[in-house]
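Here's the structure, in structure tokens; my notes come after.
The values are calculated or read from the model by the stated rules, or taken from the named source; none is laboratory data. Quantities reported herein were computed from a predicted structural model and do not represent experimental measurements. All Cβ positions, glycine included, derive from the backbone under ideal geometry; neighbour counts span all protein chains shown. Each accessible area value is taken on the protein alone, full model and side chains, heavy atoms only, with ligands, DNA and RNA left out. Shrake-Rupley method; radii C 1.70, N 1.55, O 1.52, S 1.80 Å.
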Amino acid sequence: MTALAGGAAGGTASAGAGAPGTAGAAGQAPDARTAAFDAAVAAEERIEPRDWMPDAYRATLVRQMAQHAHSEIIGMQPEANWITRAPSLRRKAILMAKVQDEAGHGLYLYSAAETLGTGRDELLDKLHAGRQKYSSIFNYPTLTWADVGAIGWLVDGAAITNQVPLCRCSYGPYARAMVRICKEESFHQRQGFELLMALSKGTPEQHAMAQDAVDRWWWPSLMMFGPPDDESAHSAQSMAWKIKRFSNDELRRRFVDICVPQAEALGLTLPDPDLRWNPDKGENGGHEHGPIDWAEFQAVLKGNGPCNEQRIAQRRAAHEEGAWVRDAAAAYAAKHAAGEHGKAEAA
Amino acid sequence: MSERTDWPLWEVFVRARRGLSHTHAGSLHAPDAEFALRNARDLYTRRGEGVSIWVVPSAAVTASSPDEKDPFFAPAADKPYRHPTFYEIPDGVKHL
Amino acid sequence: MSAALALGDDALVLSHRLGQWAGHAPVLEEEVALANIALDLLGQARVLLSLAGDEDELAFLREERAFRNVQLVEQPNGDFAHTIARQLYFSAYQLPLYRELAAGDGPFAPLAAKAAQEVDYHLDHARQWTLRLGDGTQESHARMQRACDALWRYTGELFRPVEGLGVDPSALEQGWLRSVGEVLERATLTLPDGPRSGGWAAGAGREGLHTESFGRMLAEMQHLHRSHPGASW
């Protein structure tokens, strides 16, 4: 038995787990460890936090999980922007619950990232300093109520298409977080679709509002799958490690095929004159779409989207303005440590 | 106060319903045990997933090392007679 | 039904204020906690307003002077200490009120029985934070004391009679003072000793007299709904 510096129950802890695999595996040659790791991945075994893993695998995972967690947290902002203006109490409750879920999903993902020894505060610092990214889609503004629907239908739809394969990711804590997230997110996309449906079938003004939102969110949603396969920096290695299961273009194609009939059902058009069915595409045919404006994608990624500065500024302000609250709770805990410890009643 | 007071990490175990044991659900940050319980309630049971919660400071967990996996768990693997499938029972014999 | 409006507006308005924290909470865990409380209150508001009429018409089409919530719940979030003090004062009133209602056989009994369990948790959350802010750092202590003092003048109104309620809120006042006083003392805070209502405005919120920030809150809340008369959402 080894007492862990930071703890590791069931594979979620912890900051301070440090350099796993250094002690027990010291006897093994590096080649043997790599071979054992590769074999485990090939056999669809899950890699757990304290297993030996290549440094690059660890770095890729920390980067991806942190980015994913940041996306959930930043992603709260464009939707929270409408909580106070939701046009019915039912919609208000749905939206509040959804934004709350996003905070929860951020928390699951930060915990998963922490299993690799990087604390949440460190990750948040990197986000606030602009040294770690989040999904560029959240750098677009929510200008009307219909944008809440478009985010649910298109942005969450794209996210789900991306995330479902992650439930089988080779890294155990990430895969488990994704299972929970995907289960909870099933309502997010449906509420967006339903919201747009109500607008599309509503007054002419409401219909126009819905169409305008879809016009603005369609292309950025397609960009969510990342650059084309031949230009994607990390794809090939991530596929080999089974962090990623399908290529960017493959997932994008799948998403377009799903959306086209749904747009029809909504009575809304997708803003792409080149969009058409090609019976010869793939095995069963598929949609062809027009060219994506990758220059825009790169510009937003580099910080020149409509809301990049605003999003980070709000996140940083919340964190800084909350410092005295976190400090107070920590000070109280320290003062009362003797009496409180181990008093977590087992209900 | 210090410029940085990171809240410690806690492991959360949830009993999904009566008759089941507590199962590891995930982890979270909290300043103390009381808040760890409440945060766990808000985070891990907001869809009615639980009837009881345990929280344990992550630092208090002692774990076996995966690198010792083979020697540590191997003895249990070669005692198949502990499992019911080890025994051959003629077809038609019930309630065994 | 003026009692349904009074209780429903309390829940609706406080829920709205708590919803304004989304994306701004001092720590991520608190995003989830504050949203839980806001969602509980919104659920209560919907049931209560539906007892009085159409929930959306009542929420989105009434003028400021027609709202019957106490002024306490409409007070802006301020810093986290103000939000916690507001919640402590309100939940310490709402809990015994709902328990009384649940024990009776009036129209509010079924809702009150369910909601009392929710409010029990809201009060616990507010108490836990009051202890930590009051007995945390010098800064948090000062902020929490300021917040308790600032909101004190809105607490007298809680115990004014409400027509059709079936329970006399004034009977809850001594218990409220004891319960709040006990928490503040444990939190090393001083029970404020100023007046518990503005002299000109005793019971004002229940009679439709609100504070300036409330009009702005309603303008934001109602503008979209009002911009599309008759539309469904």
Q: For residue C:112, work out the one condition from (1) outside any helix (DSSP H, G or I); (2) away from chain A (no Cβ under 14 Å) it doesn't fulfil.
A: (1)
Q: Only residues that are surrounded by 24 or more Cβ atoms within 10 Å (Cβ to Cβ) and part of a helix (DSSP H, G or I): list them for segment A:158-177, please.
A: A:158, A:159, A:173, A:174, A:177
**Q.** Tabulated pairs, segment C:91-112, first in contact (Cβ under 8 Å) with a residue 60 or more places away in the chain and hydroxyl-bearing (Ser, Thr, Tyr), second crowded, with 24+ Cβ neighbours inside 10 Å and in a loop (DSSP other than H, G, I, E, B), C-beta under 7 angstrom, 6+ apart or interchain
**A.** none
(Q) Which numbered condition in (1) within 14 Å of another protein chain (Cβ to nearest Cβ); (2) within 30 Å of residue A:80 (Cβ to Cβ); (3) over 21 Å from the mean Cα position of the chain (by Cα) is the only one that residue A:335 fails? (A) (2)
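Given the condition more than 11 Å from chain A (Cβ to nearest Cβ), on the phi < 0 side of the Ramachandran plot and either assigned to a loop (DSSP other than H, G, I, E, B) or in contact with a Pro (Cβ under 6 Å, 6 or more places away or on another chain) (or both), answer yes or no: does some residue in segment C:225-232 qualify?
The first filter runs over segment C:225-232 and keeps only residues more than 11 Å from chain A (Cβ to nearest Cβ), leaving none.
Checked against the condition, which is being more than 11 Å from chain A (Cβ to nearest Cβ), on the phi < 0 side of the Ramachandran plot and either assigned to a loop (DSSP other than H, G, I, E, B) or in contact with a Pro (Cβ under 6 Å, 6 or more places away or on another chain) (or both), segment C:225-232 yields no hits at all.
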Q.
Scan segment C:181-188 and tell me whether some residue there is within 21 Å of residue C:74 (Cα to Cα) and open to solvent by 30 Å² or more (accessible area, probe 1.4 Å).
A. no
Q.
Looking only at segment A:232-243, how many residues end up being modelled with pLDDT of 85 or more and either among the hydroxyl-bearing types (Ser, Thr, Tyr) or more than 28 Å from residue A:172 (Cα to Cα) (or both)?
A. 1
Q | Which listed residue is modelled with pLDDT of 95 or more, more than 23 Å from residue A:81 (Cα to Cα) and of a type outside the set (Phe, Trp, Tyr), from C:41, C:61, C:12, C:95 | A | C:95
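So, in segment A:291-331, of the ones that are within 11 Å of another protein chain (Cβ to nearest Cβ) and open to solvent by 60 Å² or more (accessible area, probe 1.4 Å), which residue ends up farthest from residue A:121 (Cα to Cα)? Show your work before the answer.
Restricting attention to segment A:291-331, the residues satisfying the condition of being within 11 Å of another protein chain (Cβ to nearest Cβ) are A:311, A:314-315, A:317-331.
Cutting the leftovers down to open to solvent by 60 Å² or more (accessible area, probe 1.4 Å) gives us A:320-321.
Numbers: A:320: 12, A:321: 15 Å.
For segment A:291-331, the residue satisfying everything is A:321.
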Q: Can you give me the number of residues within segment A:64-121 that are within 7 Å of chain C (Cβ to nearest Cβ) and touching a strand residue (DSSP E or B) at 6+ places or on another chain (Cβ under 8 Å)?
A: 1
Q. Given the conditions (1) crowded, with 18+ Cβ neighbours inside 10 Å; (2) within 22 Å of residue A:123 (Cβ to Cβ), which single one is not true for residue B:14?
A. (2)
**Q.** Only listed residue being of a type outside the set (A, V, I, L, M), open to solvent by less than 10 Å² (accessible area, probe 1.4 Å), over 12 Å from the mean Cα position of the chain (by Cα) and more than 8 Å from chain A (Cβ to nearest Cβ), chosen from C:90, C:67
**A.** C:67
Q: Can you work out which of the residues in segment B:17-32 that are farther than 11 Å from residue B:53 by Cβ and not in a strand (DSSP E or B) is most open to solvent (accessible area, probe 1.4 Å)?
A: B:18
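Out of segment B:31-62, which residues are among the polar types (S, T, N, Q), within 8 Å of chain A (Cβ to nearest Cβ) and within 16 Å of residue C:37 (Cβ to Cβ)? Steps first, answer last, please.
Going residue by residue through segment B:31-62, those that are among the polar types (S, T, N, Q) are B:39, B:45, B:52, B:58, B:62.
Add one more test, that the residue is within 8 Å of chain A (Cβ to nearest Cβ), and what stays is B:52, B:58, B:62.
None - no residue of segment B:31-62 is among the polar types (S, T, N, Q), within 8 Å of chain A (Cβ to nearest Cβ) and within 16 Å of residue C:37 (Cβ to Cβ), so the list stays empty.
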Q. Hey, does segment C:43-58 have a residue that's farther than 29 Å from residue C:171 by Cα, in contact with a Lys or Arg (Cβ under 6 Å, 6 or more places away or on another chain), within 11 Å of chain A (Cβ to nearest Cβ) and part of a helix (DSSP H, G or I)?
A. yes
Q. For segment C:128-147, does any single residue satisfy the condition of being more than 14 Å from chain A (Cβ to nearest Cβ) and either assigned to a helix (DSSP H, G or I) or within 21 Å of residue C:47 (Cα to Cα) (or both)?
A. no
